[in-house]
1. So, in the range 51-76, of the ones that are under 12 Å from the mean Cα position of the chain (by Cα) and open to solvent by less than 70 Å² (accessible area, probe 1.4 Å), which residue ends up farthest from residue 34 (Cα to Cα)?
2. Going by the structure shown, is residue 87 among the hydroxyl-bearing types (Ser, Thr, Tyr) and out of contact with any Asp or Glu (no Cβ under 9 Å at 6 or more places or on another chain)?
3. Of the residues that make up the range 48-70, is at least one among the β-branched types (Val, Ile, Thr), in contact with a Cys (Cβ under 9 Å, 6 or more places away or on another chain) and at negative phi?
Amino acid sequence: MRSQGNNKYCMDFNSGTAVGGNKMHLWDCDGGNSEKLQVLESGIIQNRDKNWKYCIDTPVANADYGEQLQIYQRNNNDTDQKFTLDTVNEWKQTSF
């Protein structure tokens, strides 16, 4: 998942390996598992590291402005791990 503003950066987590509570951030894309995400129909955005057991999560069920997302063990019933994705019109893709 890349930033529209500068797509040389990928959504990543700060430890490089999935550990519950690690914060998400933008980082140079390097092809590692920490930046490989899959969006499920349910709205869960899971991570490839550790056999897809972790996903993006809102810390302590707090989806407030400025809260930093984290990686956490997936729970299919947890609404804090489900997101609604909208399409972005007019995004001109550049090379990777």
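The values are calculated or read from the model by the stated rules, or taken from the named source; none is laboratory data. Keep in mind the model is a prediction, meaning the values are calculated, not measured. Counting neighbours? That spans all protein chains shown, and the Cβs are built from the backbone with ideal geometry, glycine included. What goes into the accessible areas is simple: the full protein's heavy atoms, side chains included, and nothing from ligands, DNA or RNA. Shrake-Rupley method; radii C 1.70, N 1.55, O 1.52, S 1.80 Å.
1. Only one residue tops the list, namely 58.
2. Here the answer is yes, as residue 87 does meet what is asked.
3. No, the range 48-70 contains no residue that is among the β-branched types (Val, Ile, Thr), in contact with a Cys (Cβ under 9 Å, 6 or more places away or on another chain) and at negative phi.
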